[in-house]
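The values are calculated or read from the model by the stated rules, or taken from the named source; none is laboratory data. Everything numeric in this text was worked out from a predicted model, so none of it was measured. Here the Cβ positions follow ideal geometry from the backbone for every residue, glycine too, while neighbour counts run over all protein chains shown.
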Amino acid sequence: MELAIQGKVALITGAGQGVGREIGRVLAAEGARVIINDLFEARARSVADEIGEAGGQAIGLQADVTDIEQVRAMAAAAVGRFGPIDIMINNAGVPAAFYDDENFGYQTFADSPIDKWKQVTDLNFYGCLNCCAAVLPGMIEKRGGRILSIISEAGRIGEAYLAVYSGAKAGILGFSKALAREVGRYCINVNCIAIGATAHEGTKATLDPEATVETDPMLPKRLKHYPIGRGLGRLGRPSDAAAAAAFLVSGRAPFITGQCLSVSGGFSMVS
Ligand SMILES: NC(=O)c1ccc[n+]([C@@H]2O[C@H](COP(=O)([O-])OP(=O)(O)OC[C@H]3O[C@@H](n4cnc5c(N)ncnc54)[C@H](O)[C@@H]3O)[C@@H](O)[C@H]2O)c1
């Protein structure tokens, strides 16, 4: 099924590696013109080049999504290059499962330092708000748009030892549903996908995407809070998230808004 996004302009945050990179590659392969954002300019440019070499249209733009002025400048630069933004994908965030500290990011709330709360909330929650604020006026003006945020199953069901991250991702979910009600009249769809632990090139230092419990004795420790056998019994791949994301922002999903789709192999089965 062709996705009907040929020529659409899509801005994807945190797309210099991992899930966002794959979303960018898939949308570009479907004919969208993509803006690859990342905090690190070299990463953004490298993915944009990669897409260009594959025959797609992409530019890389550096910006810190936690800074509203940088986000506004990025959105203006994107519009200047490709025209009004049709698709906003809020992907930049902390991949909670694979910090490289000795506890792999898991920490009781009582033990977590206050500066970490702010860091996690700024990136995972305010980053999304900033990007929505920057692109919404243009979408309202042209009476159409798609906003999709990549959250985590942690935000849907709550994960022990990831309390602040869970709260930040849950915040995006509530925000997205409320925003969907506000902007539906302008034909702007707002949705989320909730992914589970996803391994990719950026997690190699701590988790090889190909790792199994046989090849990586540390895997059970790393995944001690992640009951991998609940559903399909494997970690997520960027392609899993990208396929779902591409559908939700495509011309094939015009009547879906205010929803959260789990893409986690059955990690959670909430309705
Ligand atoms: N990988 C997982 O296991 C997993 C699980 C659940 C949810 N998620 C969510 O999926 C999304 C993507 O995860 P990932 O594993 O691809 O992440 P990643 O860390 O591998 O890649 C994220 C990219 O965002 C960039 N970035 C960081 N801070 C930024 C900022 N302030 N402004 C702009 N860019 C910034 C990083 O440089 C990086 O290239 C995140 O929102 C994450 O919370 C990931």
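Of the residues making up region 94-130, those that are in a loop (DSSP other than H, G, I, E, B) and at pLDDT 95 or above number 0.
On the given criteria, is ALA160 in contact with an Asp or Glu (Cβ under 7 Å, 6 or more places away or on another chain) and not in a helix (DSSP H, G or I)?
no
Within region 155-167, if we keep just the residues that are touching a residue at least 40 places away in the same chain (Cβ under 8 Å) and surrounded by 24 or more Cβ atoms within 10 Å (Cβ to Cβ), the residue that is farthest from the ligand (Cβ to nearest atom) turns out to be LEU162. Filtering region 142-154 for residues that are touching a Phe, Trp or Tyr at 6+ places or on another chain (Cβ under 6 Å), of a type in the set (A, V, I, L, M, F, W, C) and more than 10 Å from the ligand (Cβ to nearest atom) leaves an empty set. Considering region 238-260, the residues that are in contact (Cβ under 8 Å) with a residue 40 or more places away in the chain, part of a loop (DSSP other than H, G, I, E, B) and in contact with a strand residue (DSSP E or B) (Cβ under 9 Å, 6 or more places away or on another chain) include one that is nearest to the ligand (Cβ to nearest atom), namely VAL249. Taking the listed residues ALA75, ALA58, the one that is under 15 Å from ASN130 (Cβ atoms), within 19 Å of the chain's Cα centre (by Cα) and among the small types (Gly, Ala, Ser) is ALA75, with no other qualifying. Can you confirm whether region 69-81 contains a residue that is touching a helix residue (DSSP H, G or I) at 6+ places or on another chain (Cβ under 9 Å), surrounded by fewer than 24 Cβ atoms within 10 Å (Cβ to Cβ) and part of a loop (DSSP other than H, G, I, E, B)? For region 69-81, residues touching a helix residue (DSSP H, G or I) at 6+ places or on another chain (Cβ under 9 Å), surrounded by fewer than 24 Cβ atoms within 10 Å (Cβ to Cβ) and part of a loop (DSSP other than H, G, I, E, B): absent.
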